[in-house]
Every structure is written in C-alpha cells, then in structure tokens.
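Q: First the structure, which I've put down as structure tokens, then a few questions once you've had a look.
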Amino acid sequence: MFQPAITGSGVFTPDQVITNDELVESFNAYADKMNAQNADAIAAGDMDPVPHSSSEFIFKASGIEQRHVLDKSGVLDPDVMHPLLRQRGDDEPGVMTEMAVDACTKALTQAGLEGSDIDLVICAASNMERAYPAVAIEIQQDLGAQGFAFDMNVACSSATFGIQAAADMVRSGSVRRAIVVNPEICSGHLEWRDRDCHFIFGDVATATVIERSEDAKGDYFEIISTRCATKFSNNIRNNLGFLRRSRPDGVDDRRDMQFMQNGRKVFKEVVPMVSAHMLSHLEAEGVSDVRRLWLHQANKSMNDFIGKKVMGRTPETGEQPNILQDYANTSSAGSIIAFSKFSDDLQPGEYGMICSFGAGYSVGSVLVRRH
Ligand code: CO8
C-alpha cells in the first residue's frame with residue numbers, strides 16, 4: 001500500500017464577470033418584457049406576473065457578489081437568457097476539455113510534473129458536454145497522459161468523490177499518478193429566467209494531482225482518509241436526459257430540464273447531514289484540532305453553520321475561507337478553489353478537511369495533513 005498525497009492543484013477562471021447589479025438589471029428587463037407580452041393574461045388572472053429580482057436579496061440570502069461565466073452576452077440579453085457558445089467541430093477540443101486542460105496544466109506545474117507522468121484522468125463534474133466519448137479521454141489525449149480516463153458525476157460532490165476514487169487507486173498501486181479535474185459550466189444548465197435561482201451559479205474548472213507521497217517533488221498534503229455518503233432526494237433535480245425526445249410532449253425547453261431546487265429544504269436538510277458527516281469522519285480519525293475547512297461554496301450562512309458545528313466555535317478568520325462571493329456556486333469545483341487558494345500557509349502536521357455536498361443528496365470529505 002502507498003500513501004496518497006495531493007501534490008498540486010489549479011484553477012481556471014473565465015475572464016468574463018457578471019455582477020449582481022448587471023444580472024438583476026437584465027433579469028428585470030426580461031421580466032418587464034414578459035409581463036408586457038402577457039399583459040392580458042395577467043390582467044385576467046390566468047398568469048402571474050414575473051416578479052423583479054434584487055441585488056440586496058441575492059447578497060443577503062447567499063453572500064454572492066458576482067460570478068465568472070464563459071459568455072455573459074447571451075446570459076444578459078433579455079431575449080436570450082443563456083450563454084452563447086460557438087458550436088465546435090468534432091475534430092477540435094470541447095469547451096470542457098479546454099477549461100480542464102488549463103486547470104490541469106496549472107496543477108501539474110505546481111506538482112512539478114508533465115501530462116505524460118499521469119496515468120489516470122477522472123473528469124468529475126455535474127454535467128458532461130456530450131454523452132460519449134468520455135470527456136476525460138479527450139482531456140487525457142490533450143494532456144498527453146498515459147493509462148486510462150473516465151467521467152463521473154455526483155453533482156456538487158463530484159470532486160471529492162473523484163479524489164476518493166483516485167486516492168484509493170494510488171493507495172493500492174493500480175495507478176501511480178492521477179489527476180481529478182472539474183470543469184463546471186454551470187451557466188449552461190442554470191435557469192437564468194427564474195429569480196429564485198438565477199444568481200446561484202458560475203463557471204470555473206479546478207484540478208487536483210494525486211500521487212504517492214514518496215514521489216512528491218515539493219510540498220504536499222497527505223490524504224489521510226476520505227468518506228463519501230449519499231441519500232436520495234428530489235430537492236435538487238434536473239430532468240434533462242437522453243430520453244427527452246421519446247416523450248409524447250416533444251418539448252425540450254421545459255422548466256424541469258434546467259436546474260431546479262427547493263433551496264429552503266436543501267438548506268435545512270443538508271446542513272445537519274454535512275456537519276454530522278464531517279464530525280464522524282474527524283472522530284474516526286481521532287482528529288480534534290482541524291485547522292482549515294475548505295467547504296462547498298453554495299451559501300455563506302450554510303458554511304457559517306457548518307463551520308461552527310464542526311469547529312465547536314465560530315471559525316477564526318481564514319480557518320474556513322469562502323470564495324463564493326467572487327465565484328458564486330461552481331458546483332463541485334467550489335471546495336477545490338478554496339483549497340487551491342487558501343492552503344499554502346498550513347504548517348507541517350496541521351490537518352484540514354475538504355468537504356463538498358449537494359444534489360443526490362451527496363456529501364464527500366477528504367482529510368488531509370500538511371507534510
Ligand atoms: N430577488 C428578490 N426576491 C427573491 C429572489 C430574488 N432573486 N429570489 C427569491 N426571492 C423571494 C422568494 O420568492 C421568497 O418570497 P416569499 O417569501 O414572498 O415567498 C423570498 O424571497 C425568500 O425566498 P427563499 O425562501 O427561496 O430564500 P432563501 O432565504 O431560502 O434563500 C437560497 C434562497 C439562497 C437558494 C437558499 O435557500 C440556499 O442557498 N439554499 C441552499 C441551496 C444549496 O445549497 N443548493 C445546492 C445546490 S448546488 C448542487 O447540488 C449542484 C447541482 C448541480 C449543479 C447545477 C448547476 C446549474
């Protein structure tokens with residue numbers, strides 16, 4: 001058996017930013033347009049008007065101030081309300097591959113490795129750009145990696161579930177060096193026409209290199225252990241799927257074919273589930289002094305609750321870094337952005353925990369120790 005370690009991480013951040021004010025201005029223009037178009041039905045009581053959104057609500061309810069996206073022009077156009085991405089030919093890299101290779105290159109550089117040193121690529125994300133071939137195999141090819149590659153999807157928990165899979169394979173010796181990459185194009189499956197959720201997500205890609213600690217060329221974090229858990233819930237759901245054209249209604253732009261959630265229920269049910277999961281993981285390892293929590297980045301109050309419960313006190317500044325104010329929820333990538341940007345200062349011997357959670361429900365935790 002070998003000791004797996006995280007030896008590098010990297011983040012690809014799209015250039016384009018949408019602030020809350022920009023988002024709300026375009027949403028309200030869309031609402032006004034819809035309400036004018038449907039004035040008669042609204043007056044007759046056959047339809048509810050589309051209510052306005054507000055920047056104050058967004059910040060207060062979530063802590064989000066802005067989000068990065070691949071294309072803001074389509075999202076902010078009241079006549080479009082989704083990203084507009086160029087159709088690529090089958091002989092050029094897909095969008096997910098392009099983002100993934102950027103994040104992987106940064107992670108490999110930090111680890112002092114080349115793409116050809118890698119013998120496992122896991123593309124772990126909430127949605128895949130196509131059904132097949134696996135996006136991971138295209139990433140493997142563009143990195144010049146060896147071995148094998150596969151896709152996996154556990155929604156917001158994809159990164160930690162991917163790290164568990166990779167760490168277990170490195171531990172057993174079935175692979176030598178793995179990269180887990182999380183290209184999340186959340187803007188593509190967010191319903192920008194619904195004020196309840198239009199502010200929630202952003203786009204990003206993260207990558208994590210996992211190899212034997214004995215092979216590490218620089219600083220690293222030992223992966224002490226991982227824990228994954230799932231419990232079925234319909235409170236976060238997207239019904240878009242390959243059977244859509246088989247259904248009699250023939251519609252392919254139904255509300256339920258984009259992200260849907262009952263946010264209040266998610267909040268109430270997931271916070272205790274995640275806190276208990278993290279505490280039992282720490283207890284099983286006999287760790288009572290975890291120094292850093294890199295949590296899933298969905299909601300600031302949610303993270304405040306979880307941090308307080310797990311630490312047994314209000315975390316001090318920097319102990320539980322949030323990046324959601326700048327990135328919004330980036331699904332599985334959120335906890336890895338936090339890890340990548342806020343882990344350098346941990347001292348040798350100090351423990352930290354990466355934890356992601358979300359649709360499924362699902363929760364995954366990775367206990368690491370700074371070498
Ligand atoms: N502007 C103004 N008012 C608003 C707005 C808005 N934009 N949106 C809602 N309101 C109104 C509501 O209509 C409601 O009005 P009323 O009281 O009259 O009914 C009032 O404000 C309060 O609404 P909510 O109860 O919905 O507000 P909350 O305080 O619960 O905040 C949140 C909403 C922020 C969504 C919060 O519930 C939350 O963060 N919950 C946790 C959600 C979560 O963690 N989800 C995880 C999802 S991520 C995941 O698993 C990955 C899925 C795959 C990725 C998909 C990518 C697209």
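The values are calculated or read from the model by the stated rules, or taken from the named source; none is laboratory data. Values in this document were obtained by computation on a predicted structure and should not be read as measured data. Cβ: placed from backbone, ideal geometry, glycine included. Neighbour counts: every protein chain shown. Note: areas computed on protein heavy atoms with side chains; ligands, DNA, RNA excluded. Shrake-Rupley method; radii C 1.70, N 1.55, O 1.52, S 1.80 Å.
Q: Among SER288, SER343, ALA229, which residue has its Cα positioned farthest towards the positive end of the charge dipole of segment 222-370, with +1 placed on the Cβ of Lys and Arg, -1 on the Cβ of Asp and Glu, and the dipole taken about the Cα centre?
A: Value computed over the given set: ALA229.
Q: In straight Cα distance, which lysines are under 27 Å from LYS106, not counting same-chain residues fewer than 8 positions off?
A: Counting by Cα, and skipping residues close in sequence, LYS106 has these lysines nearby: LYS72, LYS217, LYS341.
Q: Grab the other residues whose beta carbon is less than 11 angstrom from that of GLN110, score K and R as +1, D and E as -1, and report the net.
A: Counting the neighbours of GLN110, the net charge comes to 0.
Q: At 222 nm, what helix-only mean residue ellipticity would the chain give, in deg cm²/dmol to the nearest 500, using -39500 (n - 2.57) for each DSSP H run of four or more?
A: So the calculated ellipticity at 222 nm is -10000 deg cm²/dmol.
Q: Next up: Of LYS265, LYS60, which has the most accessible area and how do the rest follow, probe 1.4 Å?
A: LYS60, LYS265
Q: Now, a different point. Could you tell me which residue out of ASN238, PHE199, MET128 lies farthest along the dipole of the chain toward its positive end? Charges go on the beta carbon: Lys and Arg +1, Asp and Glu -1, centred on the Cα centre.
A: It is ASN238.
Q: Which one, TYR327, VAL274, PHE161, is farthest towards the positive end of the dipole of the chain when Lys and Arg carry +1 and Asp and Glu -1 on their Cβ?
A: Farthest along the dipole direction, towards plus: VAL274.
Q: Let me ask you something else. If you bin every alpha carbon distance in segment 222-370 into 10 Å steps from zero, what whole percent lands in each bin?
A: With a bin width of 10 Å, the distribution comes to 11, 38, 30, 13, 6, 2, 0.
Q: In debye, nearest 20, what is the charge dipole magnitude of segment 294-371 about its Cα centre with +1 on Lys and Arg Cβ and -1 on Asp and Glu Cβ, if you could check?
A: Computed about the Cα centre, the dipole is about 220 debye.
Q: Same structure, new question: Sorting check: for 170-176, 197-203, which peptide has the highest mean count of neighbouring beta carbons within 10 Å, and how do the rest follow?
A: Descending mean neighbour count gives 197-203, 170-176.
Q: State the volume of the convex hull built on the alpha-carbon positions of the chain, expressed per residue in Å³ and rounded to an integer.
A: Considering the Cα atoms of the chain, their hull volume per residue is 142 Å³.
Q: Determine which aspartates and glutamates satisfy two conditions relative to LYS60: a Cα distance under 15 Å, and not lying fewer than 8 residues away in the same chain.
A: Filter leaves ASP21, ASP196, ASP304, ASP326.
Q: Among the DSSP beta bridges whose two residues both lie in the chain, what percent are antiparallel, rounded to the nearest 5?
A: Expressed as a percentage, antiparallel bridges in the chain total about 70.
Q: What does the charge count near MET311 come to, summing +1 for each Lys or Arg and -1 for each Asp or Glu among other residues with Cβ under 12 Å from its Cβ?
A: +1
Q: Moving to a separate point now. Ignoring ligands, DNA and RNA, what percent of the accessible area of segment 222-370 is carbon or sulfur (1.4 Å)?
A: 49 percent
Q: State the volume of the convex hull built on the alpha-carbon positions of segment 271-318, expressed per residue in Å³ and rounded to an integer.
A: 74 Å³
Q: What percent does the relative contact order of the chain come to when contacts are Cα pairs within less than 8 Å and at least six residues apart?
A: Relative contact order here is 23 percent.
Q: Sticking with this structure for a sec: With every protein chain kept in place and ligands, DNA and RNA left out, what is the accessible area per residue of the chain? Probe 1.4 Å, answer in Å².
A: About 44 Å² of surface per residue is accessible.
Q: Using DSSP, restrict attention to beta bridges with both residues in segment 222-370 and report what percent are antiparallel, rounded to the nearest 5.
A: Once the DSSP bridges in segment 222-370 are tallied, antiparallel ones form about 80 percent.
Q: Counting alpha carbon pairs within less than 8 Å and at least 6 residues apart, what relative contact order, in whole percent, applies to segment 222-370?
A: So the answer I get is 35 percent.
Q: Just add up the charged neighbours of TYR327: K/R +1, D/E -1, any other residue whose Cβ is under 13 Å from the Cβ of TYR327.
A: -1
Q: If all Cα-Cα distances of segment 210-273 are sorted into 5 Å bins from 0 onward, what percent lands in each bin, rounded to whole numbers?
A: Here the calculated profile for segment 210-273 is 3, 12, 15, 11, 10, 10, 11, 11, 10, 5, 3, 1.
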